[in-house]
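The structure appears below as structure tokens.
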Amino acid sequence: MKKALINIDYTFDFVADAGALTCGKPGQDIEQHIVSVTDEFIKKGDYVVFAVDQHELNDEYHPESKLFPPHNITGTPGRDLFGKLNDLYEAHQN
């Protein structure tokens, strides 16, 4: 039976020091573990899903627009997966 791994919101804007809404070092400290687990799932032929927050710039109707600074904007590097996870994704995307 195949297993599934869901990577949620591990993006530049949420993890990088320069990210718009970063968690910073705690998120960066788990990068290698996330990459290793994701790579294991890929090598075993299991399912890997990337669920990534997405917003449009200046979307006045989205409630988060009033709560948080702009982040994970469509078409920006901030929405890219963070660091080596992005490299792994690029190497194995379908």
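FYI, it's all coordinate maths here, none of it is from the lab. These numbers were taken from a predicted model, which means no experiment stands behind them. Cβ coordinates were reconstructed from backbone atoms using ideal geometry, including for glycine residues, and neighbour counts include every protein chain displayed.
Within region 77-94, track down each residue that is in a loop (DSSP other than H, G, I, E, B) and touching a residue at least 24 places away in the same chain (Cβ under 8 Å). Passing the criteria: Asp80, Phe82. Go through region 76-89 and give me each residue that's more than 24 Å from Glu56 (Cβ to Cβ) and in contact with a Leu (Cβ under 9 Å, 6 or more places away or on another chain). Listed by number, the residues that qualify are Asp87, Leu88. Can you find even one residue in region 79-91 that is more than 20 Å from Ser36 (Cβ to Cβ) and either crowded, with 17+ Cβ neighbours inside 10 Å or in contact with a Ser or Thr (Cβ under 8 Å, 6 or more places away or on another chain) (or both)? The answer is yes; a qualifying residue exists. Candidates in region 62-73 are the residues that are exposed (fewer than 11 other Cβ atoms within 10 Å of the Cβ) and of a type outside the set (Lys, Arg); of these, the one that is nearest to Ser36 (Cα to Cα) is Pro69. Of the residues Asp59, Asp53, the single one that is surrounded by 14 or more Cβ atoms within 10 Å (Cβ to Cβ), part of a loop (DSSP other than H, G, I, E, B) and without any contact (Cβ under 8 Å) to a residue 60 or more places away in the chain is Asp53. Looking across region 37-50, the residues that are assigned to a helix (DSSP H, G or I) and either loosely packed, with under 15 Cβ neighbours inside 10 Å or touching a Ser or Thr at 6+ places or on another chain (Cβ under 6 Å) (or both) come down to Val37, Glu40, Lys43, Lys44. Taking region 24-51 as the range and being more than 16 Å from Asp80 (Cβ to Cβ) and under 12 Å from the mean Cα position of the chain (by Cα) as the test, only Val49 passes. Filtering Ile42, Ile73, Ile8 for residues that are of a type in the set (Val, Ile, Thr) and in contact with a Leu (Cβ under 7 Å, 6 or more places away or on another chain) leaves a single hit, Ile73. Residue count for region 14-36 satisfying the condition of being outside any loop (DSSP other than H, G, I, E, B) and out of contact with any Cys (no Cβ under 9 Å at 6 or more places or on another chain): 11.
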